[in-house]
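Chemist: I'd like to ask you about the structure that follows.
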Amino acid sequence: MTVGGAGQLGSLGALASRDTPAARLDARVKVLATLAFVAVVASFGRHDLLRLAPLALFPLVLAALGDVPLRALLRPLALAAPFALGVAAFEPLLDRAPAFTVGGVAISGGAVGMATILAKFALSLSAALLLVATTGFDHVCVALRRLGAPRALVAQLLLTHRYLFVLAAEAGRSLRAHALRAPGRRRPTLRVAGTMLGALLVRALARAERIHAAMKCRGFEGELPLVRRGRPGRPDALFAAATAALLLVARAVDVPARLGAGLAGGLP
Amino acid sequence: MSHHLVGVDDVHYAYPDGTQALRGVSFLLHHGESLGLVGANGAGKSTLLLLLAGVVFPERGAVRVGDWPVTPATLPHVRRSLGMVFQDPDDQLFMPTVEDDVAFGPLQLGLPPDEVRARTAAALARVGAAHLGPRMPHRLSGGEKRAVSIATVLAMSPDVLVMDEPSAGLDPASRRGLVEQLQAFEHTKIVASHDLDLVYEVCRRTIVLVGGTVAADGPTAEVLARRDVLAAARLEPPLRLQGCPRCGAAG
Amino acid sequence: MHMSDALLSPAVGGALWMVTAGAVAVSARRVERAPDARRVPLMGVLGAFVFAAQTVNFSIPGTGSSGHLMGGLLLAALLGPAAGFLVLASVVCVQALFFADGGLLALGANVLNMGAASCFVAYPLVFRPLAGAKPTGARLVVASTLGGVTSLVLGALGVVAQTTASGVSTLPAGPFLALLVPIHAVIGAVEGLATAALLRVLWRARPELAPASAPSRAARMFTVAIAAAAVLVAGLGARLASALPDGLEWSVARTAGAAPAEPAPVPLPAVAGVGITLAAVALLFALLRALRRRARGA
């Protein structure tokens, strides 16, 4: 992650504060739908590339309903890619046996496997990013609490997210001060970084004590209450039903093959 | 039953590392008074505020707020009467949105949801921040953060409003807005600050702390005109009490 | 290193979600049972600190590459295993949601690989016994380095076990391990050195912050339980995967050069079907976008 990372985190969360059809959906419904979607994407086999196509409907419809620009998703995807890419890149090397032929040209199982991993990567990670971009982190946290996540975990999520921006800015200032005084170096040595982070840590602990004082002054006893009203309504039921239908159909029916067969049958 | 609202009686306090922060501070504050607390860095201003709020307790002497001595057992009562605005809004605003943050205090008081909503809206309106409700604290400007910090305390309807360096880090226009707001509050106020012009405009009474003791206590206009006291406290008179730099005429 | 959704099967991912949920629930109960309101903001700020620390990339001596702090061992040393694990779980969660690091299905696996390995294994079984009650100088460095190596290598083992058990990648376990373990041993050593440096700065500036108290017997039992559950789940997952024709055995057979199946012709109608599907999805997307644009303009 880079210092710019904190900016990305802010901009993704800010998208959710706008009033859009996707933002109005109940957070719990979106959390559960996203988890189900991710599980269904993962359930397809190594060579099921083509069957993943219908699943693109879920992230694209959510992005459209939430007014989320696609480039807000592409940047994090590109940054997160290295590991999945690294593993996927081994596929064509390991599995060279031709699995398919087209017009005399053989396509190896590894090539299909690689493409499948990449498609799954794009689908499931964009779903995770869209959850935040259409819901907002605080609403996701409330949803998790209402779905049974422990109180201590939800408090951690909220506070980590709140102070991430403050501390990332402090770390950024330290790095800039270092860059100005050590122009020849691109990044600090381990020793310098240790001192820098140590100072950041000492300041962070002092901040935790000040925050605790501020919390105590307003009657804090250990709970961070969030006021979020609303219960699932008709749009939520519709969204849940549509998602369930999409996932069931994509799982049970080979949609592209059916469509292709129908097309071939329809032609004279 | 006493007539004063805040009573500090011969209070001593040392930090855990042994540094003596306060050595025998006493004063009484009555309803409707506005008190400026001035002094150099390390003079004991912030420590005194923490003692008032019951975040720390004196090793000698006593603090009273309203009808209650400030002790661990009376804290719930003390916190209904005394609202504390900390220096760094990033410490004060710990909830994910402005609304959540302003509602935090009233919810901890156990108020019903409708009352919490009403108080949140009223407090935000009072500081001119009604439109900031759903925003995230880290996306606010310095002046907005300060206004919301004050709203988080106003929502608890305190009898005394205590503020630590309220004008720190504000641009001149935000600072002017803050001064006007503070002048308009009918609350009993305690303002700790280096900004003597702010104290001059907002507080009728001023206490100067030097080395953990009270060096002067009296009407602001008189105290801030005493150059010997200010020099001992490593302070400068407010600009409006200084001579005109152009013509040399006295302030 | 984050395990990725794209490499996990739902069975393995779901099972590890369960284990993680259990570990989080037990840790949360332990944190909530010792009600110290001071720890709530402390834990939150330390979570944010780990995040901020990860933005500081430092150069690793002699390699020309760079690294950053992971924080698991540090959190365990500052907060104790249960609270440290909870903080790391929240950090991994934020990473998954905002940075697409790993993904949501892989969340369970990632929390285990990064949090449980450092907080429930490396800290109580390696760091604490080696560091003793008042760790200073060389002792602290040795304990942190070995603790760091243990957590990172365990995490790498987790990644390999989960990938292999899932059977999505053809990468066989042996070479995968040979590839990942040495790298992670080095990263772990750097992590340990950074942790030691930080703890030294901190304990010098704030001597009153003594290291967290020694782990109780219950904590050790919990460590054993988590390890057993993870091994059990990984074992079951591998069994399951190898029982399926498309699973582990397949990949081993494939890489061992067993007779490959006859290549099938590309299912051209299905490819055409994909074209139609994607065109329909794109059309719907464009339509919704246009509707929204009109709604916003209105």
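What follows is calculated from the coordinates using simple rules that are stated; it is not laboratory data. None of these values were measured; they are calculated from a predicted model. Here the Cβ positions follow ideal geometry from the backbone for every residue, glycine too, while neighbour counts run over all protein chains shown.
Chemist: Please compute, for the alpha-carbon atoms of region A:112-268, the extent along each of the three principal axes and give them in descending order in Å.
Modeler: 76, 50, 20 Å, listed from the longest principal axis down.
Chemist: Can you list the lysines whose alpha carbon is less than 21 Å from that of B:Lys145, not counting same-chain residues fewer than 8 positions off?
Modeler: Cross-link targets: A:Lys216, B:Lys189.
Chemist: State the extension gain, in nm to one decimal, for the chain segment bounded by A:Arg176 and A:Ala199, taking 0.36 nm per residue of separation less the distance between their alpha-carbons.
Modeler: The A:Arg176-A:Ala199 span can extend by a further 6.8 nm.
Chemist: Choose one answer from A:Arg251, A:Arg146, A:Arg173: the residue with the largest mean-square fluctuation in a GNM of chain A with alpha-carbon springs under 10 Å.
Modeler: Answer for the Gaussian network model of chain A: A:Arg173.
Chemist: Going by the alpha-carbon gyration tensor, a ≥ b ≥ c the square roots of its eigenvalues, is chain A rounded (a/c under 1.5) or, if a/c is not under 1.5, prolate (a/b greater than b/c) versus oblate?
Modeler: oblate
Chemist: For C:Val186 and C:Ala25, what is the calculated FRET efficiency with R₀ set at 35 Å and r taken between the beta-carbons, to the nearest 0.05?
Modeler: About 0.50, to the nearest 0.05.
Chemist: Separate question: At a 10 Å Cβ-Cβ cut-off, how would you order A:Arg234, B:Arg135, B:Arg205, fewest neighbours first?
Modeler: Ascending Cβ contact count within 10 Å gives the list A:Arg234, B:Arg135, B:Arg205.
Chemist: Just the number: Rg to Rh for region B:157-251, Cα atoms, Kirkwood Rh, two decimals.
Modeler: 0.98
Chemist: Here's something else I'd like to know. For region A:47-54, what does the Karplus curve 6.51 cos²θ - 1.76 cosθ + 1.60, with θ = phi - 60°, yield as ³J(HN,Hα) per residue in whole Hz, taken in order and with x for Gly and Pro?
Modeler: 10, 8, 3, 5, 6, 6, 3, x
Chemist: Show the residues, 5+ positions off or on another chain, whose built amide H is closer than 5 Å to the amide H of B:Met84.
Modeler: B:Val162
Chemist: What are the residues whose amide H is under 5 Å from the amide H of B:Thr188, where those residues sit 5 or more places off or on another chain and H is modelled from the backbone?
Modeler: Sorted by chain and number, the residues that satisfy this are B:Gly32, B:Leu161.
Chemist: Here's something else I'd like to know. If amide H atoms are built 1.01 Å from N in the plane of the peptide, which residues on other chains or at least 5 residues away come under 5 Å of the amide H of A:Thr101?
Modeler: Correct list: A:Ile107, C:Ala264, C:Val266.
Chemist: Something else: By count of other Cβ within 10 Å, fewest leading, how are C:Cys119, B:Cys244, C:Cys93 ordered?
Modeler: B:Cys244, C:Cys93, C:Cys119
Chemist: Here's another thing I want to ask about it. Calculate the FRET efficiency for C:Ala225 and C:Arg38 from the Cβ-Cβ distance with a Förster distance of 41 Å, rounded to the nearest 0.05.
Modeler: That pair, C:Ala225 with C:Arg38, gives E of 0.90.
Chemist: Place a point 7 Å from the Cα of B:Gln183 along the Cα-to-Cβ direction; which residues of region B:123-145 have their backbone N under 18 Å from it?
Modeler: Once the point is set 7 Å along Cα→Cβ of B:Gln183, B:127-128 turn out to lie under 18 Å by backbone N, inside region B:123-145.
Chemist: Next up: Kindly list the residues of region C:1-24 that lie in the label zone of A:Ala89, defined by a backbone N under 19 Å from the point 7 Å along the Cα-to-C-beta vector.
Modeler: The answer is C:1-7, whose backbone nitrogens lie closer than 19 Å to the label point.
Chemist: Also, quick follow-up: Straight distance only, please: which lysines reach the Cα of A:Lys120 with their own Cα at less than 25 Å, same-chain residues fewer than 8 apart left out?
Modeler: Reachable lysines: A:Lys30.
Chemist: Could you work out the Kirkwood radius for region B:87-158, taking every pair of different alpha carbons, averaging 1/r and inverting it, reported in Å?
Modeler: It is 11.6 Å.
Chemist: Next question. From the backbone phi of region C:149-154, what are the Karplus-calculated ³J(HN,Hα) couplings (6.51 cos²θ - 1.76 cosθ + 1.60, θ = phi - 60°) in whole Hz, Gly and Pro given as x?
Modeler: Running phi through 6.51 cos²θ - 1.76 cosθ + 1.60 with θ = phi - 60° gives 4, 4, 5, 6, 5, 4 Hz.
Chemist: I would also like to ask the following. Based only on Cα atoms, what mean projected area does the convex hull of chain B have, in nm²?
Modeler: 14.4 nm²
Chemist: Evaluate E = 1/(1 + (r/R0)^6) for A:Arg96 and B:Gln20, where r is the Cβ-Cβ distance and R0 equals 60 Å; express this FRET efficiency to the nearest 0.05.
Modeler: 0.15
Chemist: Once the convex hull of the alpha carbons of region C:83-193 is built, what does its volume come to per residue, in cubic angstrom?
Modeler: Value for region C:83-193: 107 Å³ per residue.
Chemist: How far apart, in nanometres, would the label points at B:Ala122 and C:Ala178 be if each is projected 7 angstrom from Cα along the Cα-to-Cβ direction?
Modeler: Distance between label points: 7.5 nm.
Chemist: Counting other beta carbons within 10 Å of each residue's own, what order do C:Asp5, C:Asp101 fall into, fewest first?
Modeler: Fewest to most other Cβ atoms nearby, the residues stand as C:Asp101, C:Asp5.
Chemist: Comparing A:Ala106, A:Ala204, A:Ala155, which has the greatest mean-square fluctuation in the GNM of chain A with Cα pairs linked when under 10 Å apart?
Modeler: Answer for the Gaussian network model of chain A: A:Ala106.
Chemist: Looking only at region A:37-74, which residues have a backbone nitrogen under 15 Å from a spot 7 Å from the Cα of C:Ala280 in the C-beta direction?
Modeler: A:51-58, A:61
Chemist: Let me ask something else about it. Choose one answer from A:Val31, A:Val253, A:Val140: the residue with the largest mean-square fluctuation in a GNM of chain A with alpha-carbon springs under 10 Å.
Modeler: Looking only at A:Val31, A:Val253, A:Val140, the biggest GNM fluctuation is shown by A:Val253.
Chemist: Rg and Dmax of region A:151-217, Cα atoms, in Å?
Modeler: 15.0, 48
Chemist: Is the shape of region A:8-136 rounded, prolate or oblate, going by the alpha carbon gyration tensor and its root eigenvalues a ≥ b ≥ c, with a/c under 1.5 for rounded and a/b larger than b/c for prolate?
Modeler: In terms of gyration-tensor shape, prolate.
Chemist: Now, a different point. Karplus couplings for region A:197-211 from phi (6.51 cos²θ - 1.76 cosθ + 1.60, θ = phi - 60°), rounded to Hz, Gly and Pro as x?
Modeler: Each residue's phi maps through the Karplus curve to give 5, x, 5, 4, 5, 4, 5, 5, 5, 4, 5, 4, 5, 5, 4 Hz.
Chemist: Reported to two decimal places, what Rg/Rh ratio describes the protein assembly as shown when computed on Cα atoms with Rh from the Kirkwood expression?
Modeler: Rg/Rh: 1.03.
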